[in-house]
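Just below is one structure, and these are the notes that go with it.
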Amino acid sequence: MNAIFAKILYELEKKHDLVLVSIVSQEGSSPRGLGAQMLVGGKGRILGTVGGGAVELHCEQYALKLLQEKQSGKKDFSLKKGDKDDIGMVCGGDIAVWFQFIDAALPFWSDLSGKLLRLLSGHQGGWLALNTDGTLPALLDADGAVVCGSLIGCVSSFVPGTYIKTEGSFLLPLPVQDRAIVFGAGHCTQALVPLLSKVGFRVTVMDNRQELAKPELFPDAESIVCGDFTKVSDYIPLSPSDYVVIMTNGHSHDLDVQKQILKNPPVYVGVIGSKSKKAFVNQKLRDAGFADEIIQKVHSPIGTEIKAVTPEEIAISIAGEMIYERAVLRESCGIKTYGCPMH
């Protein structure tokens with residue numbers, strides 16, 4: 001959503017009308033789930049995806065039609081083979097898509113986009129409410145208060161991160177990116193940070209070497225810290241919702257960081273190293289008084305088992321595991337963010 005609305009602001013400056021395409025309802029399997037978005041301009045798709053293939057082509061064509069008509073609207077798609085409205089996809093589900101016309105002549109859209117991007121940059125959460133009567137949407141903050149526009153229909157309760165439907169609106173939650181903290185700034189971290197940034201993590205990198213704790217090595221990182229691995233809390237305030245990756249420049253540094261992290265374990269802790277290193281470190285943790293229940297929650301060796309060797313392969317392995325663990329956590333909280341997962 002951040003990239004979509006940054007692009008909306010850019011296109012509005014050029015006085016280009018647009019259509020924002022959003023999946024607002026889903027049943028069964030589909031390539032993308034609730035909240036997936038695509039931006040369409042006069043020449044077709046600009047950014048984002050609602051699933052690719054036939055469904056995306058049909059959405060793009062319908063968006064271009066509404067763009068010419070300067071109208072908003074909703075369209076249902078069946079992804080079942082042999083249905084009356086079969087579009088050639090066999091995922092097995094159904095989706096409803098809302099097409100929001102964006103009139104570049106209205107200052108409202110620049111105002112809404114700017115305020116939405118500020119909420120996203122502050123990691124505050126909130127909702128984008130798309131009104132089904134075609135009127136201008138609303139932006140709500142994390143408490144459900146209207147920041148911009150008008151909301152149609154009443155909402156009994158606002159549960160963070162959930163999709164809400166009223167009689168007259170679809171409320172899409174603003175994505176609050178999870179924070180990943182990577183200890184160590186070596187080759188594997190340099191390969192990992194761009195991947196994590198692209199899949200929706202905001203990344204902090206910490207290292208004790210000034211020559212590696214440099215912004216030019218990590219342009220995709222939110223922050224870079226140079227400090228003492230034995231005093232992590234002096235540099236980074238940790239949260240229970242953090243994802244922590246430990247791959248410093250030495251076993252002793254890894255152990256120093258792990259001892260501090262596991263006093264109040266975050267949702268994910270992964271440590272690089274071999275199985276023999278894991279056994280050695282785990283014994284050191286037991287000797288330091290950590291219970292096996294806590295130690296066994298650490299992902300070590302870190303990453304999915306794809307026989308990764310190079311820094312780039314290791315980065316893919318780690319990112320894959322973090323994506324999976326994040327999805328499992330969200331599901332446990334009742335939040336489904338995918339339509340038809342690959343595995």
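The values are calculated or read from the model by the stated rules, or taken from the named source; none is laboratory data. Here the structure is a predicted model, which is why all the values come from computation and not from measurement. Every residue, glycine as well, gets a Cβ built from its backbone with ideal geometry; the counts of neighbours run over all protein chains shown. Calculation scope for accessible area: heavy atoms of the full protein, side chains included, ligands and nucleic acids excluded. Shrake-Rupley method; radii C 1.70, N 1.55, O 1.52, S 1.80 Å.
Things to note:
- Residue within region 297-309 that is modelled with pLDDT under 90, under 24 Å from P194 (Cα atoms) and either surrounded by fewer than 15 Cβ atoms within 10 Å (Cβ to Cβ) or not acidic (D, E) (or both) present: no
- Pairs linking a residue in region 305-321 that is on the phi > 0 side of the Ramachandran plot to a residue that is open to solvent by 30 Å² or more (accessible area, probe 1.4 Å) and not β-branched (V, I, T), with Cβ atoms under 9 Å and 6 or more positions apart or on different chains, are K307/E313.
- Within region 248-260, restricting attention to residues that are among the charged types (D, E, K, R) and more than 11 Å from I272 (Cα to Cα), the residue that is least open to solvent (accessible area, probe 1.4 Å) is D256.
- Whichever residue in region 259-287 is farther than 9 Å from S300 by Cβ, assigned to a helix (DSSP H, G or I) and touching a residue at least 24 places away in the same chain (Cβ under 8 Å) and, among such residues, is nearest to the chain's Cα centre (by Cα): I261
- Search result, residues across region 249-272 that are in contact with a strand residue (DSSP E or B) (Cβ under 8 Å, 6 or more places away or on another chain) and under 19 Å from F201 (Cβ atoms): V257, I261, P266, V267, Y268, V269, G270, V271, I272
- No other residue among R202, R179 is among the charged types (D, E, K, R) and open to solvent by 40 Å² or more (accessible area, probe 1.4 Å) apart from R202.
- Considering L136, L151, L172, L195, the condition of being closer than 20 Å to M38 by Cα and open to solvent by 10 Å² or more (accessible area, probe 1.4 Å) is satisfied by L136 alone.
- Of the set (1) under 21 Å from G134 (Cα atoms); (2) in a strand (DSSP E or B); (3) modelled with pLDDT of 95 or more, all apply to L9 but (2).
- Options V244, V193, V232, V199; residue that is out of contact with any Asp or Glu (no Cβ under 9 Å at 6 or more places or on another chain) and modelled with pLDDT of 95 or more: V244
- Test: residue in region 40-52 that is touching a strand residue (DSSP E or B) at 6+ places or on another chain (Cβ under 9 Å), on the phi > 0 side of the Ramachandran plot and at pLDDT 95 or above: no
- When residues in region 20-58 are screened for being part of a loop (DSSP other than H, G, I, E, B) and under 16 Å from Y10 (Cβ atoms), 2 of them pass.
- Residue in region 91-113 that is part of a loop (DSSP other than H, G, I, E, B) and without any contact (Cβ under 8 Å) to a residue 24 or more places away in the chain present: no
- Matching residues in region 222-247 - criterion: being open to solvent by 20 Å² or more (accessible area, probe 1.4 Å), in a loop (DSSP other than H, G, I, E, B) and touching a strand residue (DSSP E or B) at 6+ places or on another chain (Cβ under 9 Å): E222, Y235, L238, S239, S241
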